[in-house]
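Beneath this line is the structure, given in structure tokens, with notes to follow.
The values are calculated or read from the model by the stated rules, or taken from the named source; none is laboratory data. It should be emphasised that the depicted structure is a prediction, and the values quoted were computed from it without experimental measurement. Reconstructed Cβ throughout: ideal geometry from the backbone, glycine too, with neighbour counts over all protein chains shown.
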Amino acid sequence: MAGYDATVKILPHSGFLDLRGNAVVRQICSDVLGLSLPAAANQLKTATDGRIVYCISNDHWILQIVDGRQNDVLRTLEQAAVGLSHSFVDVSDMYIQIRLSGPESQEVLSQAVSIDIHPRVFPPGATARAGFAETTAQLHCVDDAPTFIVTVYSSYRQYAIDLLNTAIGAA
């Protein structure tokens, strides 16, 4: 049996900031970052410099930035939000990202996730937090190749890689 036509690759480490706050805090963060934080869950915004903000809920976002910039960005955000109820935390060590790509990557990923990722409901640009096997992942459909970025808790790194590689070989 040949398996599915898909490949798994661990991506280089990124910085991740967990941002929480009300609509005022969202606007302040958007202004400081020069990147509009989405107001509704399962949306993302990208910047030309590679930053990505994933909206988890109307008051919770995950900001992905170049590793090493976390402290500077946190310090700037904290200064801008003084006196407001908020939570900004560096969670960079909490996540790893896996790229799943290839013509049959959707078939592979569908074996592990709890949502429908068919292109008609999860097209390029779509994102969602979803069940991923025995854990949770942030899914992002990057393009129609299709390519997916799966962001999982770093403690599940090997589990996620093994699961995807096993699914690839299961055709």
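Structure summary
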quantity: Of residues in the range 14-70 being part of a strand (DSSP E or B) and touching a His at 6+ places or on another chain (Cβ under 6 Å), the one nearest to residue 127 (Cα to Cα); calculated: 20
quantity: Candidate set from the range 1-27 (those that are crowded, with 18+ Cβ neighbours inside 10 Å and more than 14 Å from the chain's Cα centre (by Cα)); member that is farthest from residue 165 (Cα to Cα); calculated: 25
quantity: First in the range 105-116 and exposed (fewer than 14 other Cβ atoms within 10 Å of the Cβ), second anywhere and at pLDDT 95 or above, Cβ under 9 Å, 6 or more apart; calculated: 114/130; 114/131; 114/132; 116/110; 116/122
quantity: Residue satisfying condition, being under 20 Å from residue 24 (Cβ atoms) and either among the acidic types (Asp, Glu) or at pLDDT 95 or above (or both), within set 109, 100, 63; calculated: 63
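Residue-by-condition table, conditions (1) surrounded by fewer than 16 Cβ atoms within 10 Å (Cβ to Cβ); (2) in contact with a Lys or Arg (Cβ under 9 Å, 6 or more places away or on another chain); (3) under 20 Å from residue 63 (Cα atoms):
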| residue | (1), (2), (3) |
| --- | --- |
| 134 | yes, no, no |
| 138 | no, yes, yes |
| 141 | no, no, yes |
| 144 | yes, no, no |
| 147 | no, yes, no |
| 152 | no, no, yes |
| 158 | yes, no, no |
| 162 | yes, no, no |
| 169 | yes, no, no |
